[in-house]
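Written below as C-alpha cells is the structure these notes are about.
The values are calculated or read from the model by the stated rules, or taken from the named source; none is laboratory data. Note that the structure is a prediction, hence the values are computed from the model and not measured. Reconstructed Cβ throughout: ideal geometry from the backbone, glycine too, with neighbour counts over all protein chains shown.
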Amino acid sequence: MQHFLETWGYLAVFILTVLESACIPIPSEVTLGLGGALASGAVIGGAQGHLHLGLVIIVGIAGSVCGSLLAYVVGRTGGRTMVDRFGKYVLLSHSDLDTAEAWFSRRGEWMVLYGRVLPFIRTFISLPAGMARMNLAKFTILTAIGVSLWVTLLTVIGYVLGNSWNKMIKLFGVAGYVIAVVLVVFVAVFMVRRYKGSKVSVDPTERPDSLTVVSLHEADKEIKTEYEES
C-alpha cells in the first residue's frame, strides 16, 4: 500500500479513502499519514513526487464522503433484504430495523458525526445509517463535517512527523483494537440475551400454570355432566 501511495499520489489517496469509508477496513492512518509525509517532502514519492498538503486533505475528504455515500446507499437499498435473507442467523428482524430507524431519527445524526473520528467505527457507520433510512441531507452534511476533521487531523500529523509518520500507526492502531473489542463484546452480549429471550418465548417444555390445568379439568367435568343429563 505504501508503494501504491508513493507511486500514484492523489489518485491513491482518493481510492483508498473511498474504500475505507465503504466498509473496507483500510487503515486511514496509513493513507493519510503517509499522504501528509509525502506533502512534507520528508518522504519522496515516485511518479507523483512532492504532494501539496491542502490537496491531500481535499482529496481525502472527497474520497471519504464518496465512500460513505456508497455504503449508505447499499444499506438503504439492500439492508432490509439482507435482514430478510440472513437476519434469522444473527437474530435480527424488521422490528429491529424499525427500532434502529427510530433511534437514528432521534440521536443517530450525532453518532454519524462522532463516529467519523473514532477508529474502526468510522469505517462501518454509514451502513447502519442507510439501513435505518437516516435523512440523506443530514447524513451528508454531518459526514462531511466529521471526515473533514478526521482527514485534516491525520494528514497534518503525518506532515508534522515527516519521515517518522509511521509512529502514528501504532497509536491509532491500538485505539482501533480497543474499540473493536468493545463492540465485539457488546454484540456478543446482545446475541446471548436475544437467544435466551427467543428460547424462553417458544420453549415447548414449559409446563402450564397449575391454575390453568385445574380450570381445564373442571371444564371437562362440566361437559361430561351436560352430556349425561341430555
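Would you be able to tell me the number of residues in segment 111-137 that are touching a Leu at 6+ places or on another chain (Cβ under 8 Å) and at pLDDT 80 or above?
Of the residues in that region, 6 qualify.
Applying the selection to segment 110-139, what residues are more than 14 Å from residue 75 (Cβ to Cβ) and in contact (Cβ under 8 Å) with a residue 60 or more places away in the chain?
Hits for segment 110-139 are 118, 119, 120, 121, 122.
Could you grab the pairs with beta carbons closer than 7 Å, sequence gap of 6+ or different chains, first residue in segment 39-53 and within 16 Å of residue 155 (Cα to Cα) and among the polar types (S, T, N, Q), second one crowded, with 19+ Cβ neighbours inside 10 Å and modelled with pLDDT of 65 or more?
Short answer, once both residue conditions are applied: 40/159.
Can you find a residue that is assigned to a helix (DSSP H, G or I), at pLDDT 85 or above, farther than 22 Å from residue 53 by Cα and of a type in the set (Val, Ile, Thr) anywhere in segment 140-147?
So far as segment 140-147 goes, yes, one or more of its residues are assigned to a helix (DSSP H, G or I), at pLDDT 85 or above, farther than 22 Å from residue 53 by Cα and of a type in the set (Val, Ile, Thr).
State all residues of segment 106-126 that are in contact with a Cys (Cβ under 8 Å, 6 or more places away or on another chain) and either at positive phi or surrounded by fewer than 20 Cβ atoms within 10 Å (Cβ to Cβ) (or both); if no residue qualifies, say none.
Matches in segment 106-126: 124 only.
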